[in-house]
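See structure below.
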Amino acid sequence: MQVKVLGAERRRRWNYDEKVRLVEETLQAGETVCGVARRHGMAQSLLFTWRRQARQGGLGGEAMPALVPVEITSTPAPASACAPLPSSSPPAQRARAGIIEIELGGCRVRVDRDVDTEALQRVLELLRRR
């Protein structure tokens, strides 16, 4: 049996900047995913996948997570926050007692332990890019 290769592989590797540029191109007024895909010789489904990933904050999935320095400090809390919450207080109030403060790129984000982790991840990713 003899096998002949008739052409080059059509698969292309897209880097993060190219993906972002193409997704942004699909979001321009009067532009369609079909038109962008046709112009760049790619499948529409790939652009739709990248758009979904961008909405969910996971477009740069192949990038390594950034490590940021963490500093734990004790700062005096306001008097109202220092007082122990009565055991009769609702669970939501008791849970808000632990505040996390994150400084990244000159910005400060304060969240409590009930923060939506996906939303926080998107916010931190945007701050990291600044």
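What nm distance separates the two modelled labels at Phe48 and Arg108, each placed 7 Å from Cα along Cα→Cβ?
The answer from the label model is 4.6 nm.
Please give the length that would be gained between Arg122 and Gln28 if that part of the chain were fully extended, namely 0.36 nm times their separation in residues minus their C-alpha to C-alpha distance (nm, one decimal).
Extra length available between Arg122 and Gln28 comes to 31.6 nm.
If you count only protein heavy atoms and use a 1.4 Å probe, how large is the accessible surface of Thr49, to the nearest 10 Å²?
Its heavy atoms expose roughly 40 Å² to the probe.
State the extension gain, in nm to one decimal, for the chain segment bounded by Thr73 and Arg11, taking 0.36 nm per residue of separation less the distance between their alpha-carbons. Don't jump to the answer; show the numbers that get you there.
Working: separation 62, 0.36 × 62 = 22.32 nm, distance 5.02 nm.
Answer, rounded to one decimal: 17.3 nm.
How much accessible surface area, in Å² rounded to 10, belongs to the heavy atoms of Leu124 with a 1.4 Å probe?
50
The values are calculated or read from the model by the stated rules, or taken from the named source; none is laboratory data. This structure is a prediction, so every number in the text was calculated from the model and none was measured. For neighbour counting, all protein chains shown are included, and Cβ atoms are generated from backbone atoms with ideal geometry for every residue, glycine included. When the accessible area is computed, the model is the full protein with side chains, heavy atoms only, and any ligands, DNA or RNA have been set aside. Shrake-Rupley method; radii C 1.70, N 1.55, O 1.52, S 1.80 Å.
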